[in-house]
Amino acid sequence: MALSSSTFSSAGGAVESLFGGFALKAKAAGNRMQAQEYDLAAELSLKNEKFTEISTAIKMQQAQRGIETVLGEQKADVAASGFEASGSALDLLRDSASQGALHKETLGQQGLIEEAGYEEQAKSYQLMAQSARMAADAEDRGAIGSFISGGFKGMAAIASLL
C-alpha cells in the first residue's frame, strides 16, 4: 500500500467529480424554479388577455351608448328648434354617426392588438419555461455522469493503494 501522486490525483478527481455532480443537481433545481416562474408569468399574460377582451367589450358598449346619446340629443335639438330632419341636420347626424363608428372601431382594434400582445407574451414565457426544463434535464444528466466519473476515480484511487 503505497501512497503515490496518482492516488492523490485520483482521489482529488473523485471529490471534484462528486461535488461537480452536486453542483449540477443544484443548477437543475434552480432551472426548474425558473421554469415555474415562467409558467406563472405565462398564466398571468393569458389572464391579462382575457381581462383586455372583457374591458374592450365594455369600452365598446360604452362607446355605443355614447354614440346613441349624442345622436339622440342632436335629433332632439333639431326637433326642439322646429326644424325638420333634413339638409344640415342630416349632415350633422351622419357626421356624428360616422365619428362614433370610427371611435368604436378604433377601440375594438386597440383591444385586439393588446390581446395579441398578451398572447404572444404568454407564448414567449411558455418557451422560456420549456427551455429552463430542458436545461434542468441536461444538468441532471450531467450530474449522473459526474457521479459515475467520481466513482471510477475513487475506485482508481483505491486500486492504486493496493
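Just a few scattered comments:
- Answer label, with Kirkwood radius over Cα pairs in Å calculated from the coordinates and candidates [x] 17.4; [y] 16.1; [z] 21.9: [z]
- Relative to the longest principal axis of the Cα atoms of the chain, helix 5-80 runs at roughly 0 degrees.
- Cβ-derived FRET efficiency at R0 41 Å, residue 124 paired with residue 15, nearest 0.05: 0.50
- For region 39-56, the residues whose amide N sits under 19 Å from a probe point set 7 Å from the Cα of residue 116 along the beta carbon direction are 45-56.
- Spin-label pair residue 43-residue 95: with each label point 7 Å from Cα along the Cα-Cβ axis, the two points sit 5.4 nm from one another.
- Rounded to the nearest 20 debye, dipole of the chain from Cβ charges on Lys, Arg, Asp, Glu: 1000
- Environment charge of residue 117, counting only residues whose C-beta is closer than 15 Å and scoring Lys/Arg +1, Asp/Glu -1: -3
- From its DSSP helices (H runs of at least four residues, each -39,500 (n - 2.57)), the chain gives a residue-normalised ellipticity at 222 nm of -35500 deg cm²/dmol.
- Applying D = kT/(6 pi eta Rh) to region 70-124, where Rh is the Kirkwood radius over alpha-carbon pairs, T corresponds to 37 °C and eta to 0.692 mPa s, the Stokes-Einstein value obtained is 241 µm²/s.
- Top positive-direction residue, dipole computed over the chain with Cβ charges, set 28, 112, 97: 28
- Peptides 100-106, 39-45, 3-9 ranked from most to least packed give 39-45, 100-106, 3-9, packing being the mean of other C-beta atoms within 10 angstrom over each peptide's residues.
- Hits among aspartates and glutamates - C-alpha to C-alpha of residue 50 under 15 Å, sequence gap 8 or more where chains match: 114, 115, 119, 120
- A full extension of the chain between residue 36 and residue 22 corresponds to an added length of 2.9 nm, given 0.36 nm per residue minus the alpha carbon distance.
- Simple spin-label estimate for residue 81 and residue 50 gives 5.0 nm between the two label positions (7 Å along the Cα-to-Cβ direction from each Cα).
Read-outs: derived from the displayed coordinates by stated rules, not from any lab. Small disclaimer: the values here were computed from a predicted structure and weren't measured. Counting neighbours? That spans all protein chains shown, and the Cβs are built from the backbone with ideal geometry, glycine included.
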